[in-house]
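Below is one structure, written out as structure tokens, with a few remarks after it.
The values are calculated or read from the model by the stated rules, or taken from the named source; none is laboratory data. Because the structure is predicted, anything quoted here is derived from the model rather than measured. Reconstructed Cβ throughout: ideal geometry from the backbone, glycine too, with neighbour counts over all protein chains shown. Surface accessibility is based on the protein's heavy atoms, side chains included, excluding ligands, DNA and RNA. Shrake-Rupley method; radii C 1.70, N 1.55, O 1.52, S 1.80 Å.
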Amino acid sequence: QVQLVASGGRLVQPGGPLRLSCTASLRVFSINTMGWYRQAPGKQRELVATITTSSGRTNYADSVTRRFTISRDNANNTVYLQMNSLKPEDTAVYYCNAGGIPLSITIRQTEFWGQGAQVTVSS
């Protein structure tokens, strides 16, 4: 199966930058799309940003456009989320996602989720 390990979640002051990283145990070329989702207390999980492995096409939620940037390092099977101008409302658990994975003997799911990284924006 595919393991996603997220890192970088921490307490950060409003307006500050923070970068999240997510490394997959599978070569990213076997993953069609990687992305970040978040879930704030009392709210549903929502899309933050996604990026395709092949073309690099990105998609952002309106709430983070121009502030967040998603990128990937295919050589290291890693996707990043660079967050700038953080706001208290960005506080949430951020989940790494890998999708569009071909099924195989050992891979029985087309989509996997990371463990979640807590991001707290507070002064």
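Residue by residue, here is whether (1) free of Cβ contacts under 8 Å to residues at least 24 places away in the same chain; (2) touching a Ser or Thr at 6+ places or on another chain (Cβ under 9 Å); (3) not aromatic (Phe, Trp, Tyr) holds:
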| position | (1), (2), (3) |
| --- | --- |
| 34 | no, yes, yes |
| 55 | yes, no, yes |
| 67 | yes, yes, yes |
| 94 | no, no, no |
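Counting only residues that are over 11 Å from the mean Cα position of the chain (by Cα), modelled with pLDDT of 95 or more and within 27 Å of residue 75 (Cβ to Cβ), which one in segment 44-59 is least open to solvent (accessible area, probe 1.4 Å)? So the residue we want is 58. Look at segment 105-123: where a residue is in contact (Cβ under 8 Å) with a residue 60 or more places away in the chain and a partner is in a strand (DSSP E or B) and of a type in the set (S, T, N, Q), sitting 6+ places away or on another chain with Cβ atoms under 6 Å, you get 113/97. In this structure, is residue 1 out of contact with any strand residue (DSSP E or B) (no Cβ under 8 Å at 6 or more places or on another chain), part of a loop (DSSP other than H, G, I, E, B) and open to solvent by 90 Å² or more (accessible area, probe 1.4 Å)? Here the answer is no, as residue 1 does not meet what is asked.
Out of curiosity, is residue 89 at pLDDT 95 or above and acidic (Asp, Glu)? Against the criterion (at pLDDT 95 or above and acidic (Asp, Glu)), residue 89 qualifies. The residues of segment 16-43 that are surrounded by fewer than 16 Cβ atoms within 10 Å (Cβ to Cβ) and touching a strand residue (DSSP E or B) at 6+ places or on another chain (Cβ under 9 Å), listed by number, are 16, 17, 19, 25, 39, 40, 41, 43.
Residues in segment 73-112 that are closer than 15 Å to residue 49 by Cβ, part of a strand (DSSP E or B) and open to solvent by 20 Å² or more (accessible area, probe 1.4 Å): 3 in all.
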